[in-house]
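Below you'll find the structure, written out as structure tokens, and then a few comments.
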Amino acid sequence: MFGISPLGWIHTLGSLPAIPLAFYMLARHGRITPRNTAGKLYFLSMLAGSLTVFLVAHQAASPVIGAVTLLLLLAGYAIGHVQALGRAARYLETIFLSLTAFLLMVPAVSETLRRVPDGHPIVTDLNSPILLGAQAAIAAVLVVGLTAQMIHLRREGRSVHR
């Protein structure tokens, strides 16, 4: 179904929960929060997706995206424990983890548009205006979302220090 191998389904189903988890945390906390239950589940889902991409990737950029995602994921979850960074750690944590969500969404949307509906996908060419527009929209959401998160963190920091 959809031209996905059994290993591809493991990759897809393993990483898929990260999408609603990210949306939930963004709506509830204004950012991806690594130290609560949703954040821990996000980590596991992203880890599954970024590790299995090396086994199922067909595009040349996929292993690079997987490696960068894995590095950002590990850095995003570790940096909050670096006391020397002070408040900067929360900003870096937020940036790194937001980038992991972005790097998940780009191939998720691309693969969906290239596979659905089964047998007659919406997009058949990587240079399709629909695909390029979807990718541009995801990039715009990243820029706007990161800006909003930085403003939220700044305001949160000000209220703590008053």
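Do you know which residues across the range 112-139 are part of a helix (DSSP H, G or I) and touching a residue at least 40 places away in the same chain (Cβ under 8 Å)?
Within the range 112-139, Arg115 is the sole residue that qualifies.
Take the range 140-162 and flag every residue that is part of a helix (DSSP H, G or I), over 26 Å from Gly14 (Cβ atoms) and either more than 21 Å from the chain's Cα centre (by Cα) or small (Gly, Ala, Ser) (or both).
Scanning the range 140-162 gives Ala140, Ala148, Arg154, Arg155, Glu156, Gly157, Arg158, Ser159, Val160.
Would you mind finding the one in Leu13, Leu55 that is touching a Leu at 6+ places or on another chain (Cβ under 9 Å) and either assigned to a helix (DSSP H, G or I) or open to solvent by less than 70 Å² (accessible area, probe 1.4 Å) (or both)?
When all the criteria are applied, what remains is Leu55.
Tell me yes or no: at least one residue of the range 85-107 is out of contact with any Pro (no Cβ under 7 Å at 6 or more places or on another chain), open to solvent by 60 Å² or more (accessible area, probe 1.4 Å) and in contact (Cβ under 8 Å) with a residue 60 or more places away in the chain.
yes
Out of the range 127-162, which residues are touching a Ser or Thr at 6+ places or on another chain (Cβ under 8 Å) and farther than 13 Å from Ile95 by Cα?
The answer is Leu131, Ala134, Gln135.
The values are calculated or read from the model by the stated rules, or taken from the named source; none is laboratory data. Not measured: the values here are computed from a predicted model. Cβ coordinates were reconstructed from backbone atoms using ideal geometry, including for glycine residues, and neighbour counts include every protein chain displayed. Keep in mind that these areas ignore ligands, DNA and RNA; they rest on the heavy atoms of the full protein, side chains included. Shrake-Rupley method; radii C 1.70, N 1.55, O 1.52, S 1.80 Å.
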